[in-house]
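Notes for the one structure printed next.
All of the numbers you see were taken from the coordinates with simple rules; none came from a lab. All of these numbers come straight from a predicted model, not from anything done at the bench. Note: ideal-geometry Cβ built from the backbone for every residue, glycine included; neighbour counts use all protein chains shown.
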Amino acid sequence: MEFYSLKNVKIMSKVALCPLCGGKSKIKESEGDISYQAVQDEEAFKKIVQLKKAMEKFKAKSERLEKELEELNLKWKEK
């Protein structure tokens, strides 16, 4: 059975206001440069926020289960 860690997984894009137009946009960082990509639809923005919250909950639950599994494996190895 294989288990995968989510510690280094990027969950969702960061969303913020664009400094030029003030519109909602996705932020991408590369080599110290920040680029903004506009989110056109208010409904899409709401979905992005909703999905981001759901993924953060999933990640927290996954990390909690990974920790519990590690503890169980340690107890099993001690026997």
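Cross-link partners among lysines for LYS24, C-alpha distance below 26 Å, same-chain residues fewer than 8 apart left out?
Cross-link targets: LYS10, LYS14, LYS46, LYS47, LYS52, LYS53, LYS57, LYS59.
Just to check I understand the Karplus step: with θ = phi - 60° and J = 6.51 cos²θ - 1.76 cosθ + 1.60, what whole-Hz values come out for the range 60-73, glycine and proline as x?
With the stated coefficients, the range 60-73 comes to 4, 5, 5, 5, 5, 5, 4, 5, 5, 5, 4, 4, 5, 5 Hz.
Under a straight-distance cross-link criterion of Cα-Cα below 19 Å, which lysines are reachable from LYS77, leaving out those fewer than 8 residues away in the same chain?
Counting by Cα, and skipping residues close in sequence, LYS77 has these lysines nearby: LYS67.
Compare the Cα positions of ALA38, GLY22, GLN50 along the charge dipole of the range 14-78 (+1 at Cβ of Lys, Arg; -1 at Cβ of Asp, Glu; about the Cα centre) and return the one farthest towards the positive end.
GLN50
Provide the per-residue ³J(HN,Hα) series for the range 23-28, in order, calculated from phi with Karplus coefficients 6.51, -1.76, 1.60 and θ = phi - 60°, each as a whole number of Hz, with x at glycine and proline positions.
With the stated coefficients, the range 23-28 comes to x, 6, 8, 8, 9, 10 Hz.
Can you give me the P(r) profile for the range 14-78? Cα pairs, bins 5 angstrom wide beginning at 0, each as a whole percent.
Result returned by the calculation: 4, 15, 15, 14, 12, 11, 9, 7, 6, 5, 2, 1, 0.
What list of ³J(HN,Hα) couplings, whole Hz, do you get for the range 30-45 from phi and the Karplus terms 6.51, -1.76, 1.60, once you set θ to phi - 60° and write x for glycine and proline?
8, 6, x, 8, 10, 10, 10, 10, 4, 9, 6, 10, 4, 5, 5, 4
What residues qualify as long-range amide H neighbours of VAL39, i.e. H under 5 Å apart, gap of 5 or more or another chain, H built at 1.01 Å from N?
LYS24, SER25, LYS26
Which order do PHE58, PHE45 fall in if you start with the one that has the fewest other Cβ atoms within 10 Å?
PHE58, PHE45
Treat the count of other C-beta atoms within 10 Å as a stand-in for reagent exposure and order ILE48, ILE34, ILE27 from fewest to most.
ILE34, ILE27, ILE48
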